[in-house]
Amino acid sequence: MVKEEQELANRPDNTAFTQQRLPAWQPMLSAGIVIPGFVLIGLAFIGIGVALFVTSRSIQVLEFDYTGVDQNSPCFKCSDPKVLNCVCNLNFSIDSLFKGTVFFYYGLSNYYQNFRKYGVSKDDVQLSGDLTNFKTPSDTCSPYAYDSNNQPIVPCGSIANSMFNDAFKLYQIINGTNTLVPFDGKGIAWWTDYNIKYRNPSITPLKNAFNNTVKPIFWSKPAYELDTSDPANNGFINQNFLVWMRRAALPNFRKLYGRINEGDYAQGLPAGNYSLEIAYNYPVLSFDGRKKVVFSNVSWMGGKNEFLGIAYLVIGSMCVFMSIVMLIVYAKFKFPEEDGVPGH
Amino acid sequence: VFCPQQEERRVRANDREYNEKFQYASNCIMTSKYNIVTFLPVNLFEQFQEVANTYFLFLLILQLIPQISSLSWFTTIVPLALVLSITAVKDATDDYFRHKSDNQVNNRQSQVLIRGSLQNEKWMNVRVGDIIKLENNQFVAADLLLLSSSEPHGLCYIETAELDGESNMKVRQSVSVTSALGDPNNLALFDGEVVCEPPNNKLDRFCGTLYWRDKKYTLTNQNMLLRGCVLRNTEACYGLVIFAGPDTKLMQNSGRTKFKRTSIDRLMNTLVLWIFGFLVCMGVILAVGNAVWEREVGSLFQSYLPWDPPVDNFLFSAFLSFWSYVIILNTVVPISLYVSVEVIRLGHSYFINWDQQMFCSQCNTPAEARTTTLNEELGQVEYIFSDKTGTLTQNIMSFNKCSINGKTYVKMYFQRLDFTPFNPLADPNFCFYDDTLLESVKVGDTHTHKFFRLLSLCHTVMSEEKSEGELFYKAQSPDEGALVTAARNFGFVFRSRTPGTITTTEMGRPVTYTLLAILDFNNIRKRMSVIVRNPEGRICLYCKGADTVLLERLHPCNQELMNITSDHLNEYAADGLRTLALAYRDLSEDEWEAWSESHRCADKAASCREDRLAAAYEQIEQDMMLLGATAIEDKLQEGVPETIAVLSLANIKIWVLTGDKQETAVNIGYSCKMLTDDMTEVFIISGHTVQSVRQELGSVCLSLNGTGGGGKQLQCPPPSPPPPPSNLMDNISGEFALVINGHSLAHALEADMETEFVSTACACKAVICCRVTPLQKAQVVELIKKHKKAVTLAIGDGANDVSMIKSAHIGVGISGQEGIQAVLASDYSFSQFRFLQRLLLVHGRWSYLRMCRFLCYFFYKNFAFTMVHFWFGFFCGFSAQTVYDQYFITLYNIVYTSLPVLAMGIFDQDVPDQRSLEYPKLYEPGQLNLLFNKREFFICIAQGIYTSVVLFFVPCAVLSNATQSTGVPLADYQTFAVTTATTLVIVVSVQIALDTGFWTVINHVFVWGSLGLYFTIMFALHSQTLFKIFPNQFHFVGSAQSTLLQPVVWLTIALATAICIVPVLAFRFLKVDLKPQLSDTVRKHTR
């Protein structure tokens, strides 16, 4: 009896876990699963690819480079940085209705918003409206934390300082007269940026919060004057400012400037001649950058995106092709010796 | 005065003041490494001696430099802290248990003689020079000089199981002058001084002198009671503390054993170094890129992004960029790799300990993985070196046959002899079948009587007689026990012994012999003798030993008898029995006196005492008269032939290294199916000289080649010069076996013949080395380790296997009859040889498979993760901008991807255990190192890099022009980061799902749980709540929501996943189809 008890004390537990006999699913790459699986995936991808491709084809995009490198281009005169307050007009015509809602973007090339030092050069606490960081901006903003008189810069840092400041006005030319096509600049930023991440200090008037601070060096007007007409679009929650502050992932990018969704243009831009008036302020030629404007409409899948559709089609067809190859290989090598394990 | 180089130790009894001058260690032992105060600094110091940990500390320091820091400090410190704390917790637990056992030992009570009275003291307060009293069954507190005992002649008995694993009792005797002291009052006045050797670890040797009352007394190990022994059969004894605490032989012996590393460990270290190199290359490439970029673009871009103050030219910027990239690419060197590997191995060790099928219910011992770091190497074993006795056999001896005066007594009738009517003292468990022997005893045949008298006198067995007639024998080796028991049953009953006498009952008549001398057994002498004086006063030497040594020392008149007996011996050996030859010699009083004098001289010799003693023994063991021979059967363990068959099917070569004679060994070889009649030839090498061994090896080599038939030939060199390293002999047809004798082996192991020996021996299917010494066993193992890049495993059960167990890659101890020394030296232990097949073919194979799959996946996932930064470098001005959120970088390795791969590493199975035993060939990939090697590593890395390319360029291509359905572009950094990170987590999760072959509940929970955890944590980190509390830390507010609601993002993720996984899937399917591994086939048919 004692011996048995002792034995029980030393004998390992007989559980599925300790004996490594847990019930388990043991999947295998059998032909019955893999080949039909490939066909299904392939067909699904082809289906999605076709849908994407067709959708993408239906999206209209209109793009103009207005950097003014070419002597013939309308903005050539403005490309010299010495010319101040230069305005140039870009004329174009639309043959058929550009279906709405039409989105208007500006784009920059060879512009490194994703540079690490550039990306950290801002003060999130300051931008969330904390007045202590108005007095003492974070070190990350250096060298745009204080101006030469040691006054704190608000908003500080490279990103804010380099904010894009070209302004655009679109006119439709009807019978020689220019009709303004209004851009709606509301709701072009992320909801969280507008409502949570960026906050103005709760001081009215807003100007007082900026006492003893200076505007960013490249800015023509201080932050509290970005949109004097609308307090909900002024200061740190100015939508163009927010769009700029959301830095791009790649050196060629475009950012939303406004949408055309008012009045006669809610259904889109009718065929006709248009003129885009550009207040050319932002120098990019010094670093071989390019500026462009883009008109585009969107579908359920967003803007024009041919790559996605094509990629889906390619991958889908490759899956189908592979399934055929696998079927051939399988038929050739597997059927004769279906049964029998070597050594048995 | 403290002298650092202690040449000798002086201890004066009962004089603490005098002894304190020498500052001897106290009896307090401390095996623990830390205390509460020193734990943190000491443990951290130890941990930072690991290269990997220091590397991460270095990274941490780099990250604190603002110009370089491309990542927040916590991305490194969190994993580092986690790794350090896991190790620290493990160390702390280990140390806690050490503290506990130290405390328990230090606080044991002992009785110390202080100022004439016995006082209870804790062990730790016992000092050198104290006299302590020991009672029966107490542990000896320190190394003591035995002064007196309650038993006559100052004798006492000890059990040394804890010290050397031998479970028989040993006798110790005090010097005669002190044994007279007796009671505490006299002992308190004892002021002898002992001068002896400094502390050392030799358990069987002690050399010292006692000076007392102007006289010198020699002290030997026979007078010592060592710490760790237990007093038995002795009421009480007194001893003088000579060595205490850390100076005791027990503690001096507890040195750390050599740390074994597996081949995967070594490969892993190499690979980590390569990865370091790779990391530096990447850093350099990106730094050069940065230099070019800063010169061509960055310098012009300065209007929007001026260089930081310390940077004034592009070269300096590139220099900083190098370090920044070292920081962000550091995740290719996985910090959690080592910890994860340890965790997996620990898991596998537990599975070994838990395995019921390796539990022996007869001896109630489960298998034990005593080392947790070698498991996967169990799946790669190519050579097994096995002891025979106790490993292949049960080591339970039974007296089976004997030859007395030229007549052999063997099993003839099936009637078991009943001894009880003849002899009331007989052991009822004893079996013998030949009644003519009993008749011969009854009629009083002189030779037969002498034969059994010898057996009853010539041994070192201790007896215990609990009640009249109820005898228990405690024997050092089971052979001896069997022989004494045989004598007992045939009427020559050994009753008891004192150092000077042996009392027996011969044919019912009690006889007491005076024991004049015991000529000990050892491995070189291979015999033992006793010299006794019988009651009539005649002196006789009785000797038993290996036939080879004994037959050489016979009187010439024995020639005829010797021939007959030799034939009998060969017969017995051919039956696989262990044989001994017995002889005696009558000594005259003069001869005895003369020899006794020379023996005394040798005994007292200060230098080379052992050699001189051996010479003295040699001198008297001459001209002996042959009595006969005994044959003892040692039964094979259960399942040995089957196990050996399975193991050799698994392409494991088994070498038996045994001390037995050639015939016995060969026979055991046949009975356990190592040697078969189908074998083309069994070569036997038994030359005594270098030349003859060389010649024999050469002819073996020739006949191996003779059957080879073309192709690559084994190079058989002429006797000299030594051959170049032999090429492998793939084309030898037929099966061969090699049997080599110890004396030939000694020559074969010499430098100029070893390559030839190795190549010949490895061409044979089975190798048996007989008559080998423990040292030779180790040498053979070392030889194979040196010449073959193969994993070796040594298995044995006795003290003579310890050296071989320690030198093999893996040592396995059989916990059986011969104490626990082999087990203590081993890495794995269990009680039956047949468990070896399960240990190797099931546990080892699984461990290897799991570890390989784990490593492949681990390197893959880290490369896939990290290399994305490299590609991004080309698009962000080489600015060391990370692609992912810093929290993702912190958590990726320790939270999002750690558990599924751990679960795979611990639980994965490709085929069920039963199948791996049925198809031993499944074991081969491990031996050939197929599942994880440099090639596999590069494949994993390549797959990782491929994945990283897809992970970066697919989102890059899709998102650069894509917009949300509200027209907002998706190409912002945060959306890109979230998309890439999500794709990465999904791709590596799908990959682990593909790699996992055995989905238990735990795998499901971990895989799905990790994915769930990723999304949960991401949403939490991107939540408004956290941002409102720490606006500076959580920049990604709202990104998760904004990104993951976009269909385009999900289409991107699906696309990237498909591009990553589809080729892998197709490749694996085609591989299974076109080139199926055995495991695939077995697995398929198991379903």
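For region B:949-969, a residue qualifies if it is at the interface with chain A (Cβ under 7 Å from one of its Cβ atoms) and touching a Ser or Thr at 6+ places or on another chain (Cβ under 6 Å), and the qualifying residues are B:Val958, B:Pro969.
Identify the residue in region B:325-343 that is among the hydroxyl-bearing types (Ser, Thr, Tyr) and closer than 30 Å to B:Ala287 by Cβ and, among all such residues, is modelled with the highest pLDDT. First the steps, then the outcome.
Taking region B:325-343 as the starting set, the residues that turn out to be among the hydroxyl-bearing types (Ser, Thr, Tyr) are B:325, B:331, B:336, B:338, B:340.
Narrowing the set further to residues that are closer than 30 Å to B:Ala287 by Cβ leaves B:325, B:331, B:336, B:338.
On the way: B:Tyr325: 93, B:Thr331: 87, B:Ser336: 80, B:Tyr338: 83.
Ranking the qualifying residues of region B:325-343, first place goes to B:Tyr325.
The C-beta contact set for region B:1064-1076 (first residue facing chain A (nearest Cβ under 7 Å) and within 21 Å of B:Ile992 (Cα to Cα), second residue assigned to a helix (DSSP H, G or I) and of a type in the set (Lys, Arg), distance under 6 angstrom, 6+ apart or interchain) is empty. Taken residue by residue, region B:1043-1061 has no member that is surrounded by fewer than 18 Cβ atoms within 10 Å (Cβ to Cβ), more than 10 Å from chain A (Cβ to nearest Cβ) and either touching a strand residue (DSSP E or B) at 6+ places or on another chain (Cβ under 7 Å) or in contact (Cβ under 8 Å) with a residue 24 or more places away in the chain (or both). Among the conditions (1) surrounded by fewer than 19 Cβ atoms within 10 Å (Cβ to Cβ); (2) closer than 29 Å to A:Thr55 by Cβ, B:Gly1009 misses just one, which is (2).
Of all residues in region B:33-61 being among the polar types (S, T, N, Q) and closer than 20 Å to B:Ile327 by Cβ, which is surrounded by the fewest Cβ atoms within 10 Å (Cβ to Cβ)? In this case the residue turns out to be B:Thr54. Considering only residues in region B:345-360 that are within 14 Å of another protein chain (Cβ to nearest Cβ) and aliphatic (A, V, I, L, M), the one that is farthest from A:Phe115 (Cα to Cα) turns out to be B:Met358. Check region B:111-118 and report whether any residue there is at pLDDT below 85, part of a loop (DSSP other than H, G, I, E, B) and closer than 23 Å to B:Thr882 by Cβ. No, region B:111-118 has no match at all.
Please determine whether any residue of region B:1028-1048 is aromatic (Phe, Trp, Tyr) and not in a loop (DSSP other than H, G, I, E, B). Working first, answer last.
The first filter runs over region B:1028-1048 and keeps only residues aromatic (Phe, Trp, Tyr), leaving B:1030, B:1034, B:1036.
Adding the requirement that they be not in a loop (DSSP other than H, G, I, E, B) leaves none.
No, there is no match, as no residue in region B:1028-1048 is aromatic (Phe, Trp, Tyr) and not in a loop (DSSP other than H, G, I, E, B).
Return the residue satisfying two criteria in turn: it lies in region B:302-349 and is without any contact (Cβ under 8 Å) to a residue 24 or more places away in the chain and of a type in the set (Phe, Trp, Tyr), and of such residues it is surrounded by the fewest Cβ atoms within 10 Å (Cβ to Cβ). Taking the candidates together, the pick is B:Phe316.
Could you list, in sequence order, all residues of region B:534-552 that are buried (at least 18 other Cβ atoms within 10 Å of the Cβ) and basic (Lys, Arg)?
So in region B:534-552, the residues buried (at least 18 other Cβ atoms within 10 Å of the Cβ) come out as B:539-547, B:550-551.
Passing the criteria: only B:Lys544.
Annotation: of all residues in region B:870-886 being within 18 Å of B:Ala1056 (Cα to Cα) and within 11 Å of chain A (Cβ to nearest Cβ), the one that is surrounded by the most Cβ atoms within 10 Å (Cβ to Cβ) is B:Val883. Of all the listed residues (B:Leu189, B:Leu286), the sole one being over 26 Å from the mean Cα position of the chain (by Cα) and within 20 Å of B:Ser148 (Cα to Cα) is B:Leu189. Would you tally the residues in region B:1004-1025 being within 11 Å of chain A (Cβ to nearest Cβ), assigned to a helix (DSSP H, G or I) and closer than 22 Å to B:Phe74 by Cα? Final tally of qualifying residues: 2. Contact annotation: residue pairs with Cβ atoms under 7 Å, 6 or more positions apart or on different chains, pairing a residue in region A:291-307 that is more than 7 Å from chain B (Cβ to nearest Cβ) and closer than 19 Å to B:Gln1046 by Cβ with a partner that is part of a loop (DSSP other than H, G, I, E, B) and of a type in the set (Lys, Arg), are A:Ser296/A:Lys304.
Total residues in region B:426-454 satisfying the condition of being part of a helix (DSSP H, G or I), farther than 29 Å from B:Arg533 by Cα and without any contact (Cβ under 8 Å) to a residue 24 or more places away in the chain: the figure is 1.
The requirement of being closer than 26 Å to A:Asn110 by Cα and modelled with pLDDT of 90 or more is not satisfied by A:Arg199.
Screening A:Thr228 against (1) more than 10 Å from chain B (Cβ to nearest Cβ); (2) touching a residue at least 12 places away in the same chain (Cβ under 8 Å) leaves a single unmet condition, (2). Considering only residues in region B:903-916 that are closer than 15 Å to B:Leu1078 by Cα and crowded, with 22+ Cβ neighbours inside 10 Å, the one that is farthest from the other protein chains (Cβ to nearest Cβ) turns out to be B:Ser916.
Using the structure shown, decide if B:Glu382 is in contact with a helix residue (DSSP H, G or I) (Cβ under 7 Å, 6 or more places away or on another chain) and among the acidic types (Asp, Glu). Yes; evaluated as a whole, the condition is true for this residue. Which one is farthest from A:Val102 (Cα to Cα), of the residues in region A:151-198 that are touching a Leu at 6+ places or on another chain (Cβ under 9 Å), within 14 Å of another protein chain (Cβ to nearest Cβ) and polar (S, T, N, Q)? Step by step, filter region A:151-198, then rank; the result is A:Ser158.
Might you let me know whether region B:895-910 holds any residue that is of a type outside the set (Ser, Thr, Tyr) and over 39 Å from the mean Cα position of the chain (by Cα)? Checked region B:895-910: no residue is of a type outside the set (Ser, Thr, Tyr) and over 39 Å from the mean Cα position of the chain (by Cα).
Within region B:391-420, the set of residues being modelled with pLDDT of 80 or more and in a loop (DSSP other than H, G, I, E, B) comprises B:Thr391, B:Leu392, B:Asn405, B:Gly406. Look at region A:246-275: where a residue is in contact (Cβ under 8 Å) with a residue 24 or more places away in the chain and farther than 30 Å from B:Phe875 by Cα and a partner is assigned to a strand (DSSP E or B) and of a type in the set (Asp, Glu), sitting 6+ places away or on another chain with Cβ atoms under 6 Å, you get A:Asn261/A:Asp184. Checking A:Leu84, A:Leu97 one by one, the residue that is more than 8 Å from chain B (Cβ to nearest Cβ), modelled with pLDDT of 90 or more and surrounded by fewer than 17 Cβ atoms within 10 Å (Cβ to Cβ) is A:Leu97 and no other. Within region A:252-261, is even one residue more than 7 Å from chain B (Cβ to nearest Cβ) and either surrounded by fewer than 16 Cβ atoms within 10 Å (Cβ to Cβ) or touching a Cys at 6+ places or on another chain (Cβ under 8 Å) (or both)? No, the conditions are met nowhere in region A:252-261. Return the pairs, sorted by first residue and then second, in which the second residue is part of a helix (DSSP H, G or I), the first residue lies in region B:470-482 and is without any contact (Cβ under 8 Å) to a residue 24 or more places away in the chain, the beta carbons are less than 7 Å apart, and the residues are 6+ apart or on different chains. Close Cβ pairs (under 7 Å, with a partner that is part of a helix (DSSP H, G or I)) amount to B:Tyr473/B:Gly481; B:Tyr473/B:Val484; B:Tyr473/B:Thr485.
The values are calculated or read from the model by the stated rules, or taken from the named source; none is laboratory data. All figures in this text were calculated on a predicted structure; none of them were measured in a lab. Methodologically, a virtual Cβ is constructed for each residue, glycine included, from the backbone with ideal geometry; neighbour enumeration extends over all protein chains shown.
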